[in-house]
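Enquirer: My questions all concern the structure below.
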Amino acid sequence: MQTVSSPEIEEAKKAALEVLLHNAHGPFHGLPRTAGWGYPEPYTRDLMLSILGIAVSGNQKLLDSIRKVLQTLAKNQTEHGHIPSLVHNNDDRGASDTTPLFLLGVGIFRKVTGDEDFLHEAVEKSLVWMEYQSPSDRYLVAQQPTSDWRDEQWVTGYGLFVNTLVYSYLRILGKHERANKVRHEMRRFTIASDANHHHVHEGLVVKHKPYYAFWSYKIYSSERFDLLGNSLAILSGLASQSRAEEMISWIEEECAVMKERGELAIDLPPNFFPYIKPHEADWLSRYSTFNNPGEYHNGGIWPFICGFYVAALVAAKRYTLAKEKLMVLTQLIKKCNHQKLDYGFNEWIKAQDGQPMGQDWQTWSAALYLYAAKCVELKNTPFFDEMRRSEPWLSDSDSTEKPASPSATVCPQIIGKD
């Protein structure tokens, strides 16, 4: 494995800060750009996730910029508390992740500034909105397909990513009783049987696997692996220390097998695997244009998600592995698509050949690199450490079960039970 010295990491951090400062002022009401050239619009989810890197940067210009973003989102919040997909456009609605990301972003900003009442009214409205997103009138929230960051991939019902955001914002905002109930529901087995008994509530735990299911709803589920959702599960404390350790070992073993098969070219995990392939049950015809195996949401390598994975490794106390993956990520962010740049901070990378395929100077790619580097440097995970300390570790009911072999693909369907 190619090594990267600390000076190279420091150089990459400076480059990431340059990207964020360049993108801090865009053409839409002076709000930040989502990417240096390709995406001039202020996309809510990208900017909310970038708060992690901005918060640890200590740069006042960036903090002022993200304050403006949060205040504009609060101004454009709907009557019922929903947050729009574009910061400046209150008519661009329907995303499942923007409101929980707003709540998490405000929680982080409050920690940074010490202003515990920042946007209090908007937060309370959004909390109510999120409670109404549970079709069972319980604690897990559901979503429509293509309504979260995977706008070209179906996530139906109780998606892992959105529910890890829910758990995280509840923790950072001090709503611990409801967070505990979300955790309890997520720790149930997924339901994938022909009959749904009334006393059984579906969750997102996968039997004989250390990770959480991609999504689950009634008798349907997908047990493919979602790197972003599972990294957040580790960071936030949804996954116990033992589950986190098993999950990381499983990820690394699976990636080694994918490399042997020619499905993975670099030492970083794809955002999603096993890839959905043509003629499989969950393949959609549109995927042949936008979502081929190893591309985009169907297994592309996203630097911002790899930043979350590095942070999750630190949370699991896998410090050596975290440094190794940060080194690989430091090389990856140099790749660019359209511009002649020293650092591309590209949007996403094709898994099979390691080529950049998205937009350069992507805000969340730069921001999450900064956050990952800070986590490795400090050997802690700012903002998430406090979430994991908010209650004692609880043992997972299936944490002692042996994970399947690394050559496994999709998990077998199972019956959910209390």
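Enquirer: Select, from Ala316, Ala322, Ala312, the only residue that is without any contact (Cβ under 8 Å) to a residue 60 or more places away in the chain and among the aliphatic types (A, V, I, L, M).
Expert: Working: Ala316 fails: without any contact (Cβ under 8 Å) to a residue 60 or more places away in the chain; Ala312 fails: without any contact (Cβ under 8 Å) to a residue 60 or more places away in the chain.
Residue meeting the stated conditions: Ala322.
Enquirer: Any residue in region 141-152 that's touching a residue at least 40 places away in the same chain (Cβ under 8 Å) and under 14 Å from Met130 (Cβ atoms): show its pairings with residues that are assigned to a loop (DSSP other than H, G, I, E, B) and among the acidic types (Asp, Glu) at Cβ separation under 7 Å, as long as the two are six or more apart or on different chains.
Expert: Hits for this filter: Asp148/Asp97.
Enquirer: On the basis of being surrounded by 24 or more Cβ atoms within 10 Å (Cβ to Cβ) and either on the phi > 0 side of the Ramachandran plot or touching a Lys or Arg at 6+ places or on another chain (Cβ under 6 Å) (or both), does Leu52 make the cut? Give the steps one after another, and end with the answer.
Expert: Numbers: surrounded by 24 or more Cβ atoms within 10 Å (Cβ to Cβ): yes; either on the phi > 0 side of the Ramachandran plot or touching a Lys or Arg at 6+ places or on another chain (Cβ under 6 Å) (or both): no.
Against the criterion (surrounded by 24 or more Cβ atoms within 10 Å (Cβ to Cβ) and either on the phi > 0 side of the Ramachandran plot or touching a Lys or Arg at 6+ places or on another chain (Cβ under 6 Å) (or both)), Leu52 does not qualify.
Enquirer: Report, ordered by the first and then the second residue, all pairs with beta carbons closer than 7 Å, sequence separation of six or more or different chains, a first member in region 220-236 that is over 14 Å from Arg171 (Cα atoms) and in a helix (DSSP H, G or I), and a second member that is at pLDDT 95 or above and of a type in the set (Lys, Arg).
Expert: none
Enquirer: Within the bounds of region 66-83, is there any residue that is part of a loop (DSSP other than H, G, I, E, B), among the charged types (D, E, K, R) and in contact with a strand residue (DSSP E or B) (Cβ under 8 Å, 6 or more places away or on another chain)? If you could, list the steps in order and put the result at the bottom.
Expert: First, pick out the residues of region 66-83 that are part of a loop (DSSP other than H, G, I, E, B): 76-83.
Filter once more, keeping what is among the charged types (D, E, K, R): 79.
If we keep only those that are in contact with a strand residue (DSSP E or B) (Cβ under 8 Å, 6 or more places away or on another chain) too, we end up with none.
The answer is no; no qualifying residue exists.
Enquirer: Let me ask something else. Within region 199-208, can one find any residue that is closer than 25 Å to Arg389 by Cα, modelled with pLDDT of 95 or more and in contact with a Phe, Trp or Tyr (Cβ under 8 Å, 6 or more places away or on another chain)?
Expert: no
Enquirer: Out of Val155, Val128, Val123, report the one residue that is assigned to a helix (DSSP H, G or I) and farther than 30 Å from Leu62 by Cβ. Give the steps one after another, and end with the answer.
Expert: Values: Val155 fails: assigned to a helix (DSSP H, G or I); Val123 fails: farther than 30 Å from Leu62 by Cβ.
Only one candidate qualifies: Val128.
Enquirer: Quick check: anything in region 95-112 surrounded by fewer than 20 Cβ atoms within 10 Å (Cβ to Cβ) and assigned to a loop (DSSP other than H, G, I, E, B)?
Expert: The answer is no; no qualifying residue exists.
Listed here are the residues, each with its yes/no results for (1) touching a residue at least 24 places away in the same chain (Cβ under 8 Å); (2) surrounded by fewer than 22 Cβ atoms within 10 Å (Cβ to Cβ).
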| residue | (1), (2) |
| --- | --- |
| Met48 | yes, no |
| Lys61 | yes, yes |
| Val87 | yes, no |
| Asp115 | no, yes |
| Ala122 | yes, yes |
| Ser134 | no, yes |
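Enquirer: Let me ask something else. Can you tell me how many residues in region 354-397 are in a loop (DSSP other than H, G, I, E, B) and either at pLDDT below 95 or of a type in the set (Phe, Trp, Tyr) (or both)?
Expert: Within region 354-397, the first condition is being in a loop (DSSP other than H, G, I, E, B), and the residues that meet it are 354-355, 357-361, 379-383, 390-397.
So of that shortlist, the ones also either at pLDDT below 95 or of a type in the set (Phe, Trp, Tyr) (or both) come out as 361, 383, 390-397.
Qualifying residue count for the region: 10.
Enquirer: Right, next: When region 170-189 is examined, which residues are found to be surrounded by 24 or more Cβ atoms within 10 Å (Cβ to Cβ) and touching a Lys or Arg at 6+ places or on another chain (Cβ under 8 Å)?
Expert: Leu170, Ala179
The values are calculated or read from the model by the stated rules, or taken from the named source; none is laboratory data. Note that this is a predicted model, so its numbers are computed, not measured. We place every Cβ from the backbone using ideal geometry, glycine too, and count neighbours over all the protein chains shown.
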